[in-house]
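Some notes on the structure that comes next.
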Amino acid sequence: MVTIKNLIAEIKKYNPKCDRDRIMRAFKFAEHAHLGQKRKSGEDYIYHPLATAMNLTKFQADDDTIIASLLHDVPEDTQIDLSIIKQQFGEEVAFLVRGITKLSKVQYRNNMAERQIESLKKLLLHSAKDLRVILIKLADRLHNMQTIEYVQNPNKIIRISKETLEIYVPIANLLGIWGLKDELEDLCFKHLYPDEYYKLYSKIYAKQKISNTFINKTIKKITNSLQKNHIEIINIHGRQKNLFSIYQKIQKKKHSLKTIYDLIGIRIICKNIEDCYRVLGCVHRDFTPKPHRIKDYIAIPKINGYQSLHTTVFGIKGIPTEFQIRTQEMHLEAEYGVAAHYFYSYNKDKKNLTESKKQWTSRILELKKQFNDPNAKIIDQLQLDIFQNRIFIFTPKGDVIDLPQKATCIDFAYAIHSDIGNHAYKAEINDYEVSISTPLQTNDTVKIITKQEQRPEAEWLDYAKTGLAKRKIKEAINKESREMQIMMGRKRLEKEIYLMKTTTLESTPSYLIKKLLELAEQKTLDDLLLAIGEGKISPNELLKKVYNPKSNDYAIGIEVTGDNRVGIFKDILEIFKRINIDISMLKGKTIYEKNGDIFKADIYAKISDITDLREIFEAISGIPGIKKIEKITPYKTIFISLGFILLFSLWLAHPFIIKYLTFNISPLHPLIRKLLPYTSLIIIYLFTIANESLFKSTLPERTKHKKIWFFSIFLSILGLITVIIEIIIFNLPIMKVFFIIGVIILYLRLYFIYKTEKKKIEIL
């Protein structure tokens with residue numbers, strides 16, 4: 001149990017000049033304010049702020065931060081006003097306590113999403129003013145998670161754990177506070193997935209002694225090597241990955257425990273950068289490095305400032321072992337992230353914000369603009385802009401632009417400048433020309449090619465990932481005319497319909513159009529297209545509600561046609577690699593023509609979401625030499641079509657079959673003779689409907705639209721001829737009025753459907 005003496009002793013280890021009396025006075029002030037209050041564990045409440053303050057000593061927090069952490073619950077849980085804290089401990093402490101108090105008073109309303117949004121708004125905006133507010137909140141949350149087992153309500157435990165995992169862990173990750181992040185993750189893992197936690201725990205720690213043996217042998221071997229090469233280091237120690245990160249790798253990449261390379265590892269702290277690279281050389285001399293597992297984060301740091309050399313080698317007895325090699329300064333940065341800039345150099349001028357702090361603040365202020373957008377999906381956008389892994393992209397001049405993973409060239413363009421984004425025409429990735437929708441990978445060098453007459457289009461919103469790019473695109477589109485926005489909306493919706501159902505907007509049944517309007521809360525098709533063109537409605541999300549495609553293992557096939565140039569196949573495969581989609585089967589062939597050879601490839605893959613297909617189409621269409629890309633008609637549709645043709649053929653032959661049976665077996669029953677012509681009319685009607693449905697799904701192109709109606713009418717005429725043959729052969733008794741009415745109804749139906757679809761095309 002933490003005591004005030006323990007706390008002060010820990011502070012003095014890193015800050016001998018701390019104001020002991022002031023810290024003690026703050027403790028006594030808080031102790032008196034919380035007198036009589038108990039926590040769920042039964043202990044006095046004062047032990048919570050003490051534990052929060054002790055957690056902050058890991059960051060080597062300054063006096064004001066420690067004092068604010070001791071007082072952080074006083075205004076909320078006691079009768080003491082914030083003004084008294086200001087009077088007793090100064091403006092800076094009062095500001096920090098006020099920030100924490102405001103975060104605690106978030107008004108939660110209907111659901112978890114709103115709770116998250118309100119929490120994130122306040123948490124992030126306060127952190128932009130002073131990062132110490134968020135550090136105190138993280139330390140506070142850590143102690144709450146450390147003692148959460150005392151909460152009696154299981155649902156509350158799950159809610160708090162989920163909130164911690166979805167809000168506080170990503171923020172700790174972004175700030176680069178790895179130790180705190182790992183501990184929070186494992187605590188959340190333990191309470192959210194107890195079965196998986198204890199199963200993995202038993203497997204990992206059952207081998208702990210063996211792992212420690214390998215770690216010690218590895219340390220001894222590399223230490224001897226460093227001594228022989230006269231390389232002095234500050235420290236070397238073993239490390240083990242936290243349980244939740246191991247669990248995530250197993251789940252996401254379908255790894256087994258044996259194939260995870262960094263279950264154990266060695267961390268080496270060097271005196272300077274030159275020694276880091278010398279140590280890396282020694283490691284690779286002593287152990288064989290694993291291909292593609294060497295990462296130089298010293299030359300190219302991560303977005304949160306993290307620097308280190310990473311290499312995975314075949315260690316003792318061939319066991320994969322990860323080495324992390326860094327300087328002491330890099331180590332402090334890695335352990336404590338942005339917090340290191342605030343606290344680790346007391347003699348430096350604290351008024352000078354570091355570059356990391358500037359980046360953090362500017363990013364939060366940019367997000368503030370999104371909070372005011374009623375159409376923005378804040379949680380989704382935060383996942384991209386703040387919480388997602390980052391990639392580093394270089395400009396041709398060598399400047400580094402950081403973007404979220406899966407960002408495209410258009411995101412890069414807007415990250416440089418709005419004008420460049422608004423006039424982006426195409427791009428060059430590593431001197432190779434691509435479309436602006438192409439996804440980027442870390443270390444790419446990108447050049448944006450602009451064209452003055454180019455303007456932002458609504459479909460750009462489908463492959464823009466960052467909130468900045470989306471906001472700028474919407475701003476530019478809103479300046480366009482209504483007619484232009486409707487045209488953009490139509491183009492965007494048509495593309496999504498084709499990708500999702502291999503059909504066109506004009507071939508979409510009227511009842512589905514009506515359903516789209518209802519779901520989008522729009523009165524007319526023009527209103528819907530306008531809203532899509534303005535970027536207010538996502539056609540992908542809208543169509544998902546109607547068609548609801550599978551989200552797991554969604555099988556797709558595409559046919560790509562292009563010039564048969566050297567490297568075109570490699571370029572196509574590179575797109576799948578960039579989007580991180582595995583190809584299940586591919587077939588390629590060359591078609592020899594007079595005007596030049598044509599390359600054609602059939603590619604089959606499995607995607608987790610239909611939106612991935614859009615990325616594939618956009619990216620491949622931007623490859624030089626690609627002439628056409630379209631979805632391959634599923635085999636299921638082909639078999640249904642063949643079955644339909646066979647069935648209809650059998651029906652066309654039925655008068656002759658029945659005649660044969662009648663002459664050779666038994667005569668027709670009188671009732672069958674009366675019903676036969678009318679039954680045949682109903683069959684024609686049903687076959688015509690089936691025919692339309694099949695053609696709409698297999699012939700989606702607008703140019704083939706008329707074929708649907710041609711074959712439907714042809715089918716009905718052929719059917720009527722068969723019925724007439726049937727009547728003549730069997731001399732069937734018919735009521736001419738009923739028969740004529742049936743024929744009229746059939747053709748009126750075809751006529752009205754044709755007129756409706758034609759009108760729909762004219763409207764569009």
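The values are calculated or read from the model by the stated rules, or taken from the named source; none is laboratory data. What you see is a predicted model, and the numbers here were worked out from it, not measured in a lab. Cβ coordinates were reconstructed from backbone atoms using ideal geometry, including for glycine residues, and neighbour counts include every protein chain displayed.
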Legend entry - Residue that is charged (D, E, K, R) and within 25 Å of the chain's Cα centre (by Cα), where the choices are Asp462, Asp431: Asp462
Legend entry - Number of the condition not met by Lys5 [criteria: (1) in contact with a helix residue (DSSP H, G or I) (Cβ under 7 Å, 6 or more places away or on another chain); (2) over 30 Å from Gln152 (Cβ atoms)]: (1)
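Suppose we filter Lys523, Lys501, Lys514 for residues that are among the basic types (Lys, Arg), over 30 Å from Asp419 (Cβ atoms) and at pLDDT below 80; which single one remains?
Values: Lys523 fails: at pLDDT below 80; Lys514 fails: at pLDDT below 80.
One residue alone meets the criteria, Lys501.
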Legend entry - Unmet criterion (only one of (1) modelled with pLDDT of 85 or more; (2) surrounded by 18 or more Cβ atoms within 10 Å (Cβ to Cβ); (3) not in a loop (DSSP other than H, G, I, E, B)) for Asp462: (1)
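Condition check ((1) in contact (Cβ under 8 Å) with a residue 24 or more places away in the chain; (2) over 16 Å from Arg141 (Cα atoms); (3) in contact with a strand residue (DSSP E or B) (Cβ under 7 Å, 6 or more places away or on another chain)) across all residues:
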{"residue": "Asn55", "(1), (2), (3)": "yes, no, no"}
{"residue": "Phe59", "(1), (2), (3)": "yes, no, no"}
{"residue": "Asp64", "(1), (2), (3)": "yes, yes, no"}
{"residue": "Val74", "(1), (2), (3)": "yes, yes, no"}
{"residue": "Ser83", "(1), (2), (3)": "no, yes, no"}
{"residue": "Gln87", "(1), (2), (3)": "no, yes, no"}
Legend entry - Subset of the stretch 43-80 that is in a helix (DSSP H, G or I) and among the small types (Gly, Ala, Ser) - its residue that is surrounded by the fewest Cβ atoms within 10 Å (Cβ to Cβ): Ala51
Inset, instruction - From (1) free of Cβ contacts under 8 Å to residues at least 40 places away in the same chain; (2) part of a loop (DSSP other than H, G, I, E, B), pick out the condition that doesn't hold for Lys28. - result: (2)
Inset, instruction - Kindly provide the set of residues from the stretch 159-171 that are touching an Asp or Glu at 6+ places or on another chain (Cβ under 9 Å) and either in contact (Cβ under 8 Å) with a residue 60 or more places away in the chain or surrounded by fewer than 20 Cβ atoms within 10 Å (Cβ to Cβ) (or both), ordered by number. - result: Leu165
Legend entry - So Ile378, is it modelled with pLDDT under 85, under 20 Å from Gly176 (Cα atoms), surrounded by 18 or more Cβ atoms within 10 Å (Cβ to Cβ) and hydrophobic (A, V, I, L, M, F, W, C): no
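Kindly indicate which of Leu123, Leu82 is on the phi < 0 side of the Ramachandran plot and modelled with pLDDT of 65 or more. Spell out how you get there, then give the answer.
On the way: Leu123 fails: modelled with pLDDT of 65 or more.
One residue alone meets the criteria, Leu82.
Assess whether Leu505 counts as being assigned to a helix (DSSP H, G or I) and outside the structural domain of Ile616 (by TED's automatic domain parsing). Walk me through it before giving the result.
Details: assigned to a helix (DSSP H, G or I): no; outside the structural domain of Ile616 (by TED's automatic domain parsing): yes.
Judged against the criteria, Leu505 is not a match.
Quick check on Ile219: is it more than 23 Å from the chain's Cα centre (by Cα), surrounded by 14 or more Cβ atoms within 10 Å (Cβ to Cβ) and touching a residue at least 12 places away in the same chain (Cβ under 8 Å)?
On the way: more than 23 Å from the chain's Cα centre (by Cα): yes; surrounded by 14 or more Cβ atoms within 10 Å (Cβ to Cβ): yes; touching a residue at least 12 places away in the same chain (Cβ under 8 Å): yes.
Yes: the conditions hold for Ile219.
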Inset, instruction - Of the numbered conditions (1) in a loop (DSSP other than H, G, I, E, B); (2) under 30 Å from His331 (Cα atoms); (3) of a type outside the set (Asp, Glu), Lys40 fails exactly one; give the number of that condition. - result: (2)
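Of all residues in the stretch 405-420, count the ones that are not in a helix (DSSP H, G or I) and not hydroxyl-bearing (Ser, Thr, Tyr). Even if it seems obvious, please write down each step before you answer.
Looking only at the stretch 405-420, we keep the residues that are not in a helix (DSSP H, G or I), and these are 405-408, 417.
If we keep only those that are not hydroxyl-bearing (Ser, Thr, Tyr) as well, we get 405-407, 417.
Final tally of qualifying residues: 4.
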Inset, instruction - Kindly establish whether Ile410 is under 20 Å from Phe617 (Cβ atoms) and at pLDDT 90 or above. - result: yes
Inset, instruction - State all residues of the stretch 447-459 that are modelled with pLDDT of 85 or more and either assigned to a strand (DSSP E or B) or of a type in the set (A, V, I, L, M, F, W, C) (or both); if no residue qualifies, say none. - result: Lys447, Ile448, Ile449, Thr450
Inset, instruction - Go through the stretch 198-248 and give me each residue that's closer than 23 Å to Leu332 by Cα and not in a helix (DSSP H, G or I). - result: Ile231, Glu232, Ile233, Ile234, Asn235, Ile236, His237, Gly238, Arg239, Gln240, Lys241, Asn242
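Out of all the residues in the stretch 201-208, is one or more among the aromatic types (Phe, Trp, Tyr), at pLDDT below 90 and surrounded by 14 or more Cβ atoms within 10 Å (Cβ to Cβ)? Break it down stepwise before answering.
If we filter the stretch 201-208 for residues that are among the aromatic types (Phe, Trp, Tyr), which is where we start, we get 201, 205.
Going one step further and asking which of them are at pLDDT below 90, we end up with 201, 205.
Now narrow it down to the ones that are surrounded by 14 or more Cβ atoms within 10 Å (Cβ to Cβ): 201.
Yes: the stretch 201-208 contains one or more residues that are among the aromatic types (Phe, Trp, Tyr), at pLDDT below 90 and surrounded by 14 or more Cβ atoms within 10 Å (Cβ to Cβ).
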Inset, instruction - Output the number of residues of the stretch 138-181 satisfying the condition of being under 15 Å from Phe59 (Cβ atoms) and at pLDDT 90 or above. - result: 6
Inset, instruction - Give just the number: which of (1) part of a helix (DSSP H, G or I); (2) under 27 Å from Tyr336 (Cβ atoms) does Gln87 not satisfy? - result: (2)
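If I filter the stretch 402-433 down to residues being of a type in the set (A, V, I, L, M, F, W, C) and surrounded by fewer than 18 Cβ atoms within 10 Å (Cβ to Cβ), which single residue comes out as farthest from Lys451 (Cα to Cα)?
Step one: filter the stretch 402-433 for residues of a type in the set (A, V, I, L, M, F, W, C), giving 403, 407, 409-410, 412-413, 415-416, 420, 424, 427, 429.
Pick out the ones that are also surrounded by fewer than 18 Cβ atoms within 10 Å (Cβ to Cβ) and you get 416, 420.
Working: Ile416: 16, Ile420: 9 Å.
Per the stated criteria, the residue is Ile416.
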Legend entry - Filter result (closer than 22 Å to Leu613 by Cβ and not in a strand (DSSP E or B)) within the stretch 388-404: Gln388
